[in-house]
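K.L.:
Input: one structure, supplied below.
Nothing in this text is a laboratory measurement; each read-out follows from the coordinates by a stated rule. The structure presented is a predicted model; accordingly, all values stated were derived computationally and were not measured. Quick reminder, even Gly has a Cβ in these numbers, built from the backbone with ideal geometry, and neighbours come from all protein chains shown.
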Amino acid sequence: MDRVILLLAICLPTMNAGEQTCPWLNAATAAGLLEGPVDAAVTTNGADATCEFARQRSTEKLRIEVVTMGASRSELTAYKAQCVAPVTPLKSIGTDAVACGIGTKKGETAEQAAGRVRKQAFLVRISAREGFSREKLREKATKVAEQVAGNLF
């Protein structure tokens, strides 16, 4: 009987192992960036994936998208087209990478970093209603973009 209980105790923690995790950022790191516990959602489609982290009981969100680009590279162009604030080139992060502010809902501030590594375009977007300045959000988006691009190399 003791052996059965021991076996169950060892196996139980792995029962949730099928739960998908973000390939580029874990929930603990996202919680540090958003300054509180987060709920995570991951959607995958082959090599493409979207990770969304939302701070619990708050409006702060972090979204990471990685998509395989077609020949026209329209995916990266579409990410950059969302920029409304001054665009800053990010020279050390992938290729064609930029950081910029984006249009948001009333009362919300959002920054994004977008670029590409080989044939994959990436987008990192972080948004908040209060407590985060545009500069702080851009800094956080850039740090996550560095990690995503590094994982894509």
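K.L.:
Tell me the relative contact order for the chain as a rounded percent, counting alpha carbon contacts under 8 Å between residues six or more apart. If you can, show how the numbers build up before the last one.
P.N.:
Working: 279 pairs, mean separation 27.2, N = 153.
For the chain, the relative contact order is 18 percent.
K.L.:
So, one more: Could you give the size of the charge dipole of the chain about its Cα centre, using +1 on the Cβ of each K and R and -1 on the Cβ of each D and E, expressed in debye and rounded to the nearest 20?
P.N.:
Values: 20 positive and 16 negative charges, 86 e Å.
In total the dipole reaches around 420 debye.
K.L.:
Would you count, across the chain, every pair of lysines whose alpha carbons are under 23 angstrom apart, provided the pair is eight or more residues apart or spans two chains?
P.N.:
22
K.L.:
Charges on Cβ only, +1 for Lys and Arg, -1 for Asp and Glu, centred on the Cα centroid of the chain; of Gly115, Gln20, Asn45, which one is farthest towards the dipole's positive end?
P.N.:
Gly115
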